[in-house]
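Asker: One structure coming up, written as structure tokens, with questions to follow.
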Amino acid sequence: MKKTVQFSSAPVTFYFDVAFAKLRDVLDPASAIILTDENIFSKHKKYLKEFQVIVMPAGEANKTQKTVDHIILQLIEAGADRNTTLIGLGGGVVTDITGYVAGIYMRGISFGFVPTTILAMVDAAIGGKNGIDVGVYKNIAGLIRQPSFIWYDYNLLSTLPNEEWINGFAEVIKHACIKDRKMFVALQQQKLSFWKRDRVSLAKLIRQNVDIKVKVVQQDEFEKADRKLLNFGHTFGHAIENLYGIPHGHSISIGMGIACKISEKLAGFKETESILQLLKQYGLPPSFAFDGGATMKVMQADKKKQGQAIHFILLEKIGKALIKPVSFADLSEFTA
Ligand SMILES: NC(=O)c1ccc[n+]([C@@H]2O[C@H](COP(=O)([O-])OP(=O)(O)OC[C@H]3O[C@@H](n4cnc5c(N)ncnc54)[C@H](O)[C@@H]3O)[C@@H](O)[C@H]2O)c1
């Protein structure tokens, strides 16, 4: 199914539940270059025969300027010009770096995504934020620019390791926490194994999550206000992820646990236990013994910081989030 969504800067065409092989029907392989990572390439290279392919090393540690330079050199070698479309086939690392490279190569070429992880399908591929990490600072360099298309082929998930399913469900739970109580209840009633088994239900769940993210981004593409809600769990989560190198979904889960505690104190939130329980049900850690001082130091460089406070995402209740400036002094109480 094809659906075009209008963001304030540009339209994006979503293709849902269409085999990757059909991509050639809408895009001439001769004018496209695929960027993917070594894991995905090794599992899905049979689909890539008609395309020029650039393969990057897998993992967050490679979402860096060094990799960007390497990709740009390969684009030059492949003869990529302003008419080339760069296609990111992969998880959030590949989609983020694809959008970033496409945004700067020859001052901008068009690009599209074929997300291959749950996380990229429900979150990273949507919204046009593309960036790289510098040192311990996640996504500190980047730009906001929309892909021309996002292509969903759920069959690509057949090779996704269980650990990555768990990671992706952290963002699904995040969406439920900030925007959709009904989805939260639906998640409570199932286990991850159900979604892995039942393709129809999974497709529906992914569409619901796409709709949540699209709606938030449509209202605030350049993150002046409401788009910040999507950062629920991410302030502590990103800091912990980069300090300890634990997986993104696990870090966000820990961040959501801390955000619940802060919400209890500053927004009268009373449903922390339900959220911690759901995180555990999906194999995610609700807490972690981290170094408070080091974490605070990383958060001081967070993009949501303003002076001595940070725009923090809190919950009033499940399905209803709010943004509140919280001082670093107040936050330090939760890092002790
Ligand atoms: N731009 C945004 O708005 C946004 C939003 C959320 C997250 N992100 C970014 O997304 C990244 C995390 O994304 P991720 O969790 O998808 O990580 P990832 O891209 O590192 O993928 C996780 C692992 O799974 C492997 N993999 C991916 N698809 C596979 C498949 N189908 N079969 C087998 N292996 C597969 C990858 O090689 C990798 O080892 C972070 O860098 C985060 O900052 C961006």
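The values are calculated or read from the model by the stated rules, or taken from the named source; none is laboratory data. Just so it is clear, the model here is predicted, and its values are computed rather than measured. Reconstructed Cβ throughout: ideal geometry from the backbone, glycine too, with neighbour counts over all protein chains shown. Side chains included, ligands, DNA and RNA excluded: accessible areas come from the protein's heavy atoms. Shrake-Rupley method; radii C 1.70, N 1.55, O 1.52, S 1.80 Å.
Asker: Under the 0.36 nm per residue contour assumption, what length would be gained going from the current alpha-carbon distance of Val26 and Phe222 to full extension?
Answerer: 67.7 nm is the gain from fully extending Val26 to Phe222.
Asker: Let me ask another. On C-alpha positions alone, give me the angle between the axis of helix 272-281 and the longest principal axis of the chain, in degrees, nearest 10.
Answerer: So the helix axis and the longest Cα principal axis differ by about 40 degrees.
Asker: Assuming 0.36 nm per residue, please report the length gained on full extension of the stretch Gln190 to Tyr244 beyond their Cα-Cα distance.
Answerer: Going from the current span to full extension adds 16.4 nm.
Asker: Under the rule of at least 5 residues apart or a separate chain, name every residue whose amide H is placed under 5 Å from the amide H of Ile87.
Answerer: Long-range HN contacts for Ile87: Ile33, Ile34, Leu35, Gly112.
Asker: How much of the accessible area of the chain, in percent, comes from carbon and sulfur atoms when a 1.4 Å probe is used?
Answerer: 53
Asker: Please work out how much length the chain gains when fully extended from Lys46 to Ala203, using 0.36 nm per residue of separation minus the C-alpha to C-alpha distance, in nm with one decimal.
Answerer: Taking 0.36 nm per residue and subtracting the Cα distance, the gain is 54.1 nm.
Asker: Given 10 Å bins starting at zero, what is the percent of C-alpha pairs of the stretch 186-295 in each, up to the one with the largest pair distance?
Answerer: 13, 34, 41, 12, 0
Asker: Please list 3J(HN,Hα) in residue order for the stretch 26-38, calculated via the Karplus relation 6.51 cos²θ - 1.76 cosθ + 1.60 where θ = phi - 60°; whole Hz, with x for glycine and proline.
Answerer: 10, 9, 6, x, 5, 9, 10, 10, 9, 10, 9, 10, 4
Asker: Could I ask something else about it? Once each part is reduced to its C-alpha centroid, what is the distance from the stretch 17-40 to the stretch 249-286 in angstrom?
Answerer: First find each Cα centre; the distance between them is then 38 Å.
Asker: Related question: Using only the Cα atoms of the stretch 234-335, what semi-axes does the equivalent ellipsoid have when each is the square root of 5 times a gyration tensor eigenvalue? Give whole Å, largest first.
Answerer: Its equivalent ellipsoid spans semi-axes of 20, 18, 10 Å.
Asker: Also, quick follow-up: Taking the Cα-to-Cβ direction at Asp211 and at Asp17 and moving 7 Å from each Cα, how far apart do the two end points lie in nm?
Answerer: 1.4
Asker: Can you give me the distance in nm between label points at Lys182 and Lys2, each placed 7 Å from the Cα along the Cα-to-Cβ direction?
Answerer: For the pair Lys182/Lys2, the computed spacing is 2.9 nm.
Asker: Would you mind calculating the relative contact order of the chain from Cα pairs under 8 angstrom and at least 6 residues apart, reporting the percent as a whole number?
Answerer: 15
Asker: Over the stretch 135-235, consider all pairs of different Cα atoms and compute the Kirkwood hydrodynamic radius from their mean reciprocal separation; express it in Å, one decimal.
Answerer: With all distinct Cα pairs of the stretch 135-235 included, I get 15.3 Å.
Asker: What do you get for the angle between helix 199-219 and the principal long axis of the chain? Use alpha-carbon atoms, 0 to 90 degrees, nearest ten.
Answerer: 80
Asker: Just to confirm, what accessible area per residue do you get for the chain at 1.4 Å probe, in whole Å²?
Answerer: Per residue, the chain has 42 Å² of solvent-accessible surface.
Asker: Can I ask one more? Order 13-21, 170-178 from most to least packed using the mean count of other Cβ atoms within 10 Å.
Answerer: 170-178, 13-21
Asker: Continuing with this model, one more query. What dipole magnitude, in Debye to the nearest 20, does the chain give about its Cα centre under +1 on Lys/Arg Cβ and -1 on Asp/Glu Cβ?
Answerer: Roughly 740 debye for the chain.
Asker: Over all directions, how big on average is the projection of the convex hull of the alpha-carbon atoms in the chain, in square nanometres?
Answerer: The number I arrive at for the chain is 15.5 nm².
Asker: Please report, in cubic angstrom per residue, the volume enclosed by the convex hull of the alpha-carbon atoms of the stretch 137-184.
Answerer: Dividing the Cα hull volume of the stretch 137-184 by its residues yields 165 Å³.
Asker: Another one. In square nanometres, what is the average projected area of the Cα convex hull of the stretch 210-256?
Answerer: So the Cα hull casts an average projection of 3.5 nm².
Asker: Let me make sure I get this right: for the stretch 1-112, a, b and c are the square roots of the gyration tensor eigenvalues over alpha carbons, sorted descending. Under 1.5 in a/c it's rounded, otherwise prolate if a/b > b/c, else oblate. Which is it?
Answerer: Rounded shape, in that the Cα axes give a/c under 1.5.
Asker: Under a Cβ-only charge scheme (Lys and Arg +1, Asp and Glu -1), can you give me the dipole magnitude of the stretch 126-219 about the Cα centre, in debye to the nearest 20?
Answerer: 360
Asker: Looking only at Ile76, Ile246, Ile97, which one moves most when the chain is put into a Gaussian network model with springs between Cα atoms under 10 Å?
Answerer: Maximum among the listed residues: Ile76.
Asker: At 0.890 mPa s and 25 °C, plugging the Kirkwood radius over alpha-carbon pairs of the stretch 268-322 into Stokes-Einstein gives what diffusion coefficient in µm²/s?
Answerer: 181
Asker: Taking Cα centroids, how far is the stretch 146-205 from the stretch 92-126 in Å?
Answerer: Computed from Cα coordinates, the inter-centre distance equals 19 Å.
Asker: Rg over Rh of the stretch 44-159, using C-alpha atoms and the Kirkwood radius, what does it come to?
Answerer: With Rg and the Kirkwood Rh in hand, the quotient comes to 0.93.
Asker: Once both axes come from the Cα atoms, what is the angle between helix 92-104 and the longest principal axis of the chain, in degrees from 0 to 90, rounded to 10?
Answerer: 60
Asker: For the stretch 267-297, which trypsin sites (Lys or Arg not before Pro) are both in a DSSP coil and crowded by at most 10 other Cβ atoms within 10 Å?
Answerer: Passing both the DSSP loop test and the Cβ count: no residue.
Asker: Quick one: Karplus J couplings for the stretch 306-313, per residue in order, coefficients 6.51, -1.76, 1.60, θ = phi - 60°, nearest Hz, x for Gly and Pro?
Answerer: 9, x, 9, 10, 10, 6, 9, 9
Asker: Right, another one. Among Ile323, Ser201, Phe290, which residue has its Cα furthest toward the positive end of the charge dipole of the chain, with +1 on Lys/Arg Cβ and -1 on Asp/Glu Cβ?
Answerer: Projecting each Cα onto the dipole axis, the largest value belongs to Ser201.
Asker: Evaluate E = 1/(1 + (r/R0)^6) for Asp69 and Val136, where r is the Cβ-Cβ distance and R0 equals 30 Å; express this FRET efficiency to the nearest 0.05.
Answerer: E between Asp69 and Val136, to the nearest 0.05, is 0.90.
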